[in-house]
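A.B. asks: Dropping the structure in here first, questions after.
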Amino acid sequence: MSDRPRRPGAHELLAAVLDEGSFSSWDVAPLRVAETGSAYDAELVAAAERAGTDEAIVTGEGRIHGHRVAVVVGEFRFLAGSIGRAAAERVTLAFERATRERVPLFAAPASGGTRMQEGTPAFVTMVKISAAVAAFKQARLPYITYLRHPTTGGVLASWGSLGHVTVAEPGATIGFLGARVFEALYGEAFPEGVQTAENLYAHGLLDAVQPVEALPEIAGRFLDLVMAERDLGRVPPVPKEPLPDIPAWESITRSRNPERPGVRALLKLGATEVLPLFGTGAGEWDRSLFLALARFEGVPCVVLGQDRRSERAEAPLGPSGLRVARRGMRLATELDLPLVSVIDTAGAALSKEAEEGGMAGEIARCLAELVVLPVPTVCVLLGQGTGGGALALMPADRVVSAQHSWLSPLPPEGASAILHRTPDRAPEMAAQQRVRALDLLADGVVDRIVAEHPDAAEEPQAYCARMAHAIRHELAELAALEPTRRLTARHDRWRAL
């Protein structure tokens with residue numbers, strides 16, 4: 001008995017992922033790329049007989065969880081899934097048709113890369129495929145990829161790496177460079193374990209590693225979130241409760257309670273659906289920044305939130321965390337979803353690695369991108385708000401603050417040390433610097449305060465429900481605004497500070 005995992009072919013995979021009986025082919029006879037009677041022509045005929053397909057790519061449409069989707073699936077048994085001119089044209093046509101007909105696309109490549117029998121004319125088709133994918137994403141259409149064993153070379157370097165959500169087959173070989181090519185060029189074996197799905201996931205290049213059987217659920221949840229009709233009607237106003245005049249230091253102390261609900265609790269207790277994503281997609285991950293697609297009372301959005309529990313358990317917010325946040329900003333723009341950013345951090349990492357990783361530049365880029373992000377944006381001050389790492393997620397259309405949240409350029413102890421050469425005057429500095437939610441509201445930094453009765457840590461479920469309702473209310477208000485007017489108002493509010 002073999003221990004090798006089962007690797008489904010193109011049609012078997014489609015049968016496993018699509019709703020039963022929903023597949024319809026878009027394929028026509030492939031381009032003629034070989035002279036009749038040539039050795040390559042004979043290879044193509046033999047490959048078709050072996051694979052049961054007329055090329056290395058199968059395209060069409062079907063349904064996942066009832067959602068109509070375009071599909072582009074590789075067939076590895078056809079000349080190792082290699083992409084020649086005919087296969088490239090088929091991929092390109094599928095993306096173009098999906099763009100015209102405004103349907104999301106599910107791609108499942110399995111390929112050794114460019115077809116060597118066709119050389120450079122096949123190699124440069126990576127450009128037209130990438131252009132078609134870019135046009136598809138510019139149309140604000142969802143794209144999910146499932147990288148199968150193997151996905152290498154030009155396929156990974158074009159349409160295989162451009163999905164909004166990327167999942168891979170367990171144990172799959174995924175990489176840019178072929179191991180045999182490396183060995184032939186350099187006379188030594190390529191290091192083991194590098195080009196595996198599990199290793200790429202560990203480095204933040206994939207959102208998940210899951211078997212084929214899990215795909216309908218994952219893809220279905222993604223489509224449910226981004227394709228469902230958006231219930232953006234007005235919701236009952238959020239009551240403005242009278243708030244006690246509590247000293248800033250008391251709020252700071254409460255915000256540091258380990259039992260205080262953070263971003264994960266807010267989503268678990270306040271959101272109706274959550275699909276976590278992982279990493280930057282560019283070789284980094286940072287658990288201090290949580291990224292997910294979610295719904296608040298029927299409204300889908302991208303959520304990016306600082307996770308202070310991960311900060312305590314692993315490491316402070318680093319430059320890579322802000323690059324995860326910027327991935328979230330791109331997702332929101334490309335999927336035309338509102339963005340909810342959640343601030344709750346004891347401060348960005350202060351280290352050699354953070355400096356060399358470009359912490360200051362990442363803060364600057366987050367600020368610059370959020371200020372002009374085209375979709376509606378809501379920022380939630382959920383707990384601690386220390387320094388530039390906190391401010392990086394703030395410039396939204398609306399800012400909602402928890403009663404005991406706060407914002408400061410440094411922890412009050414640090415400000416006290418600078419001005420008084422001792423951290424002992426932190427309570428005095430907190431009051432002087434106007435860091436608490438009531439002061440932020442009076443100064444126009446935040447728009448709304450969500451009450452705590454008397455502390456979020458003592459009533460997590462009710463508190464998270466109130467905060468979720470406030471987020472939903474603000475998203476509905478923003479959805480009613482004409483985009484140009486909304487962006488102008490965003491600029492003006494921050495310009496007026």
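The values are calculated or read from the model by the stated rules, or taken from the named source; none is laboratory data. In this text the structure is predicted, and so the values were computed from the model without any measurement. Neighbour counts are summed over all protein chains in view; Cβ atoms, including those assigned to glycine, are modelled from backbone coordinates with ideal geometry.
A.B. asks: Please verify whether Arg256 is in contact (Cβ under 8 Å) with a residue 60 or more places away in the chain and more than 28 Å from Leu478 (Cβ to Cβ), treating the condition exactly as stated.
C.D. replies: yes
A.B. asks: Taking only region 432-452 into account, find how many residues are more than 25 Å from Gly262 (Cβ to Cβ) and either of a type in the set (Asp, Glu) or surrounded by 15 or more Cβ atoms within 10 Å (Cβ to Cβ) (or both).
C.D. replies: Residues that pass the stated criteria total 1.
A.B. asks: Checking the conditions here, which among Thr59, Thr36, Thr53 is part of a strand (DSSP E or B) and on the phi < 0 side of the Ramachandran plot?
C.D. replies: Thr59
A.B. asks: Among the residues of region 345-352, is any crowded, with 22+ Cβ neighbours inside 10 Å, in the same structural domain as Glu477 (by TED's automatic domain parsing) and more than 11 Å from the chain's Cα centre (by Cα)?
C.D. replies: yes
A.B. asks: Now for a different question. Answer yes or no: is there a residue in region 101-108 that is in a helix (DSSP H, G or I) and either without any contact (Cβ under 8 Å) to a residue 24 or more places away in the chain or assigned by TED's automatic domain parsing to the domain that holds Ser22 (or both).
C.D. replies: Within region 101-108 (the criterion being in a helix (DSSP H, G or I) and either without any contact (Cβ under 8 Å) to a residue 24 or more places away in the chain or assigned by TED's automatic domain parsing to the domain that holds Ser22 (or both)), the answer is yes, since at least one residue qualifies.
A.B. asks: While we're here: Among the listed residues Ala48, Ala42, which satisfies the condition of being more than 14 Å from Ala108 (Cβ to Cβ) and surrounded by 14 or more Cβ atoms within 10 Å (Cβ to Cβ)?
C.D. replies: Ala48
A.B. asks: If you go through region 433-455, how many residues are over 22 Å from Arg495 (Cβ atoms), in contact with a Ser or Thr (Cβ under 8 Å, 6 or more places away or on another chain) and hydrophobic (A, V, I, L, M, F, W, C)?
C.D. replies: Adding up the residues that qualify gives 4.
A.B. asks: Condition first: crowded, with 20+ Cβ neighbours inside 10 Å, modelled with pLDDT under 95 and not acidic (Asp, Glu). Now tell me which residues in region 301-318 satisfy that.
C.D. replies: Arg308, Ser310, Pro316, Leu317, Gly318
A.B. asks: Another one. Where residues in region 136-176 are in a helix (DSSP H, G or I) and under 19 Å from the mean Cα position of the chain (by Cα), which of them is farthest from Leu14 (Cα to Cα)?
C.D. replies: Per the criteria, the residue is Gln138.
A.B. asks: Same structure again: Which residues, taken from region 447-488, are among the small types (Gly, Ala, Ser), assigned to a helix (DSSP H, G or I) and within 27 Å of the chain's Cα centre (by Cα)?
C.D. replies: Once the filter is applied, which keeps residues that are among the small types (Gly, Ala, Ser), assigned to a helix (DSSP H, G or I) and within 27 Å of the chain's Cα centre (by Cα), region 447-488 yields Ala465, Ala468, Ala470, Ala476, Ala479.
A.B. asks: Right, another one. Just to be sure, is Ala292 in contact (Cβ under 8 Å) with a residue 60 or more places away in the chain and either in contact with a helix residue (DSSP H, G or I) (Cβ under 7 Å, 6 or more places away or on another chain) or within 16 Å of Leu267 (Cα to Cα) (or both)?
C.D. replies: No.
A.B. asks: Do any helices (runs of 4 or more DSSP H) lying entirely in region 178-240 carry at least 3 residues that are under 26 Å from Pro300 (Cα atoms) and at pLDDT 95 or above, and which ones are they?
C.D. replies: 215-227
A.B. asks: Take Gly178 and decide whether it is farther than 21 Å from Ala292 by Cα, in contact (Cβ under 8 Å) with a residue 60 or more places away in the chain and touching a helix residue (DSSP H, G or I) at 6+ places or on another chain (Cβ under 7 Å).
C.D. replies: When the stated conditions are applied, Gly178 passes them.
A.B. asks: In addition: Please pick out the residue among Ala462, Ala496 that is farther than 18 Å from Glu241 by Cβ, among the small types (Gly, Ala, Ser) and either surrounded by fewer than 20 Cβ atoms within 10 Å (Cβ to Cβ) or modelled with pLDDT under 95 (or both).
C.D. replies: Result: Ala496 is the single residue among Ala462, Ala496 that is farther than 18 Å from Glu241 by Cβ, among the small types (Gly, Ala, Ser) and either surrounded by fewer than 20 Cβ atoms within 10 Å (Cβ to Cβ) or modelled with pLDDT under 95 (or both).
A.B. asks: Among (1) without any contact (Cβ under 8 Å) to a residue 12 or more places away in the chain; (2) more than 32 Å from the chain's Cα centre (by Cα), where does Ala431 come up short?
C.D. replies: (1)
A.B. asks: Please verify whether Ala325 is modelled with pLDDT of 95 or more, among the hydrophobic types (A, V, I, L, M, F, W, C) and farther than 21 Å from Ile218 by Cβ, treating the condition exactly as stated.
C.D. replies: Judged against the criteria, Ala325 is a match.
A.B. asks: A follow-up question, please. Could you run through region 234-261 and say how many residues are over 18 Å from Ala430 (Cα atoms), surrounded by 10 or more Cβ atoms within 10 Å (Cβ to Cβ) and touching a helix residue (DSSP H, G or I) at 6+ places or on another chain (Cβ under 8 Å)?
C.D. replies: 7
A.B. asks: Could I ask something else about it? Inspect region 387-398 for any residue being under 27 Å from the mean Cα position of the chain (by Cα) and over 29 Å from Leu269 (Cβ atoms) and give the result as yes or no.
C.D. replies: Looking for residues that are under 27 Å from the mean Cα position of the chain (by Cα) and over 29 Å from Leu269 (Cβ atoms), one finds at least one in region 387-398, hence yes.
A.B. asks: Output the residues belonging to region 247-277 that are closer than 23 Å to Glu217 by Cα, at pLDDT 95 or above and not in a helix (DSSP H, G or I).
C.D. replies: Ala271, Val274, Leu275, Pro276, Leu277
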